[in-house]
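J.: Can you keep this structure in mind? I'll have questions shortly.
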Amino acid sequence: MPLRNALSVALSEPILGLYTNNASAPLNVHAGLRQVYRFGLYKHCAYVNKTNGSCSGSTAGHRFQPYKIITNDMPSNYSNYTDSIFHNTTFANSLSLGRSSHAAYPLLLLGMIFSFLSAFLSVQSRSSWSWTWLTGLCSAQDHV
């Protein structure tokens, strides 16, 4: 049984306007759910089909808060139903998911920086001048 039919039976009323067909409808304004949601490090995107959709603005350390994002797309009357169903669940507690993903971003950034630095130094270590340069840098720090 499709979700729309199951909800209709459970709530004893027809489910109309839950999904949108408008790919350019803005996100987070209760314009209707999309068929596919994709979350990334910098933004999230919502698609009405495999290719047509819209994305949020890009921010560094974008918080992973799927429940909040999905309910912000639902029409208000359906988000009230959803809140009563998912009340006090881990999935609804987007704050804990958001904190973890926000904390992971600087660690990923540091990992990328150190990986690049390691690759750069390993290439430079093949030439003798790099060790001379690094030794000179360390000894200059000792005299300061």
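The values are calculated or read from the model by the stated rules, or taken from the named source; none is laboratory data. What you see is a predicted model, and the numbers here were worked out from it, not measured in a lab. Cβ atoms come from the backbone with ideal geometry, glycine included; neighbour counts cover every protein chain shown.
J.: Take LEU121 and decide whether it is loosely packed, with under 11 Cβ neighbours inside 10 Å and either at pLDDT 80 or above or assigned to a helix (DSSP H, G or I) (or both).
T.: no
J.: Residues in segment 98-109: is at least one over 22 Å from the mean Cα position of the chain (by Cα), closer than 30 Å to THR59 by Cα and at pLDDT 80 or above?
T.: Checked segment 98-109: no residue is over 22 Å from the mean Cα position of the chain (by Cα), closer than 30 Å to THR59 by Cα and at pLDDT 80 or above.
J.: Is at least one residue of segment 56-63 closer than 26 Å to PRO14 by Cβ and either surrounded by 12 or more Cβ atoms within 10 Å (Cβ to Cβ) or in contact with a Lys or Arg (Cβ under 8 Å, 6 or more places away or on another chain) (or both)?
T.: The answer is no; no qualifying residue exists.
J.: Right, next: Exactly one condition in (1) surrounded by 11 or more Cβ atoms within 10 Å (Cβ to Cβ); (2) free of Cβ contacts under 8 Å to residues at least 40 places away in the same chain; (3) in a helix (DSSP H, G or I) is false for ILE113; which is it?
T.: Condition (1) is where ILE113 drops out.
J.: Continuing with the same structure: Could you tell me which numbered condition GLY98 fails, if it satisfies all but one of (1) without any contact (Cβ under 8 Å) to a residue 40 or more places away in the chain; (2) surrounded by 14 or more Cβ atoms within 10 Å (Cβ to Cβ); (3) not in a helix (DSSP H, G or I)?
T.: So the condition that GLY98 fails would be (3).
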